[in-house]
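Chemist: Structure provided below as structure tokens; questions to follow.
The values are calculated or read from the model by the stated rules, or taken from the named source; none is laboratory data. All values derive from a computational prediction rather than experimental measurement. Cβ atoms come from the backbone with ideal geometry, glycine included; neighbour counts cover every protein chain shown. With ligands, DNA and RNA removed, areas are computed over all heavy atoms of the protein, side chains included. Shrake-Rupley method; radii C 1.70, N 1.55, O 1.52, S 1.80 Å.
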Amino acid sequence: QVHLAHSGGGLVQAGGSLRLSCATSGRTANHYVVGWFRRAPGKEREFVAVVKWSTGNTYYENSGKGRFTISRDGAKSTVYLQMNSLKPEDTAVYYCALKRGAVIATQTTLYDYWGQGTQVTVSS
């Protein structure tokens with residue numbers, strides 16, 4: 001079993017920054033990817049960014065490119081999402097998720113484990 005624990009959400013003004021953390025524990029296997037997703041009010045859950053744990057390779061959804069950075073810390077078994085230049089439309093519940101296997105994916109249905117989510121609110 002794998003457990004994902006979030007931290008770092010909150011309220012920030014437009015243009016500000018937040019860093020989300022996702023601590024992983026349990027039997028994560030040798031090859032996996034960790035992604036960040038979000039669900040805005042009235043919308044479906046959508047992909048934000050993903051990192052391949054073994055290589056650090058990353059991939060971003062277009063709206064986050066240049067503003068969001070995903071990274072991982074092997075010593076802490078933690079994945080981070082640094083979000084800069086935040087906009088009101090970034091307001092959502094953010095989730096991290098883990099997918100077994102080395103292939104990067106953006107579809108929510110391909111992920112095996114999910115965290116509980118953390119609220120990010122960006123005021124205008």
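Chemist: Among the residues of region 27-49, are any touching an Asp or Glu at 6+ places or on another chain (Cβ under 9 Å) and among the hydroxyl-bearing types (Ser, Thr, Tyr)? Steps first, answer last, please.
Modeler: Step one: filter region 27-49 for residues touching an Asp or Glu at 6+ places or on another chain (Cβ under 9 Å), giving 32, 37-40, 46-49.
This time we only want the ones that are among the hydroxyl-bearing types (Ser, Thr, Tyr), so: 32.
Scanning region 27-49 turns up at least one residue that is touching an Asp or Glu at 6+ places or on another chain (Cβ under 9 Å) and among the hydroxyl-bearing types (Ser, Thr, Tyr).
Chemist: Being open to solvent by less than 60 Å² (accessible area, probe 1.4 Å), out of contact with any Phe, Trp or Tyr (no Cβ under 9 Å at 6 or more places or on another chain) and closer than 21 Å to LEU110 by Cα narrows it down to one residue among ALA5, ALA14, ALA49; which is it?
Modeler: On the way: ALA14 fails: closer than 21 Å to LEU110 by Cα; ALA49 fails: out of contact with any Phe, Trp or Tyr (no Cβ under 9 Å at 6 or more places or on another chain).
Exactly one residue qualifies, and that residue is ALA5.
Chemist: Which residue is modelled with the lowest pLDDT, if the candidates are limited to region 24-46 and must be open to solvent by less than 80 Å² (accessible area, probe 1.4 Å) and among the polar types (S, T, N, Q)?
Modeler: Top of the filtered list is THR28.
Chemist: Which numbered condition in (1) surrounded by 14 or more Cβ atoms within 10 Å (Cβ to Cβ); (2) at pLDDT below 95 is the only one that SER21 fails?
Modeler: (2)
Chemist: Another question, if that's okay. Just give me the residues in region 47-68 being in contact (Cβ under 8 Å) with a residue 40 or more places away in the chain and either within 12 Å of ALA97 (Cα to Cα) or in a strand (DSSP E or B) (or both), in sequence order. Give the derivation first.
Modeler: Filtering region 47-68 down to residues in contact (Cβ under 8 Å) with a residue 40 or more places away in the chain leaves 47-48, 50, 52, 54, 57, 59, 61.
Passing the criteria: PHE47, VAL48, VAL50, LYS52, TYR59.
Chemist: Residues in region 71-91: is at least one hydroxyl-bearing (Ser, Thr, Tyr), free of Cβ contacts under 8 Å to residues at least 40 places away in the same chain and open to solvent by 60 Å² or more (accessible area, probe 1.4 Å)? Spell out the reasoning first.
Modeler: If we filter region 71-91 for residues that are hydroxyl-bearing (Ser, Thr, Tyr), which is where we start, we get 71, 77-78, 80, 85, 91.
So of that shortlist, the ones also free of Cβ contacts under 8 Å to residues at least 40 places away in the same chain come out as 71.
With open to solvent by 60 Å² or more (accessible area, probe 1.4 Å) added as a condition, the list becomes none.
Scanning region 71-91, I find no residue that is hydroxyl-bearing (Ser, Thr, Tyr), free of Cβ contacts under 8 Å to residues at least 40 places away in the same chain and open to solvent by 60 Å² or more (accessible area, probe 1.4 Å), so the answer is no.
Chemist: Let me ask something additional. Which members of region 101-124 meet the condition of being within 23 Å of LEU18 (Cα to Cα) and among the aliphatic types (A, V, I, L, M)?
Modeler: Across region 101-124, the qualifying residues are VAL120, VAL122.
Chemist: Identify the residue in region 93-118 that is part of a strand (DSSP E or B) and within 12 Å of the chain's Cα centre (by Cα) and, among all such residues, is surrounded by the fewest Cβ atoms within 10 Å (Cβ to Cβ). Before you say what the answer is, go through the steps one by one.
Modeler: We begin by selecting, within region 93-118, every residue part of a strand (DSSP E or B); these are 93-100, 113-114, 118.
So of that shortlist, the ones also within 12 Å of the chain's Cα centre (by Cα) come out as 93-98, 114, 118.
On the way: VAL93: 18, TYR94: 23, TYR95: 23, CYS96: 31, ALA97: 22, LEU98: 23, TRP114: 16, THR118: 22.
Top of the filtered list is TRP114.
Chemist: List the residue pairs whose Cβ atoms are under 9 Å apart, where the first residue sits in region 20-41 and is farther than 29 Å from ASP90 by Cα and assigned to a strand (DSSP E or B), the second is open to solvent by 50 Å² or more (accessible area, probe 1.4 Å) and not charged (D, E, K, R), and the two are 6 or more positions apart or on different chains.
Modeler: Pairs that qualify, where the first residue is farther than 29 Å from ASP90 by Cα and assigned to a strand (DSSP E or B) and the partner is open to solvent by 50 Å² or more (accessible area, probe 1.4 Å) and not charged (D, E, K, R), are GLY26/GLN1; GLY26/HIS3.
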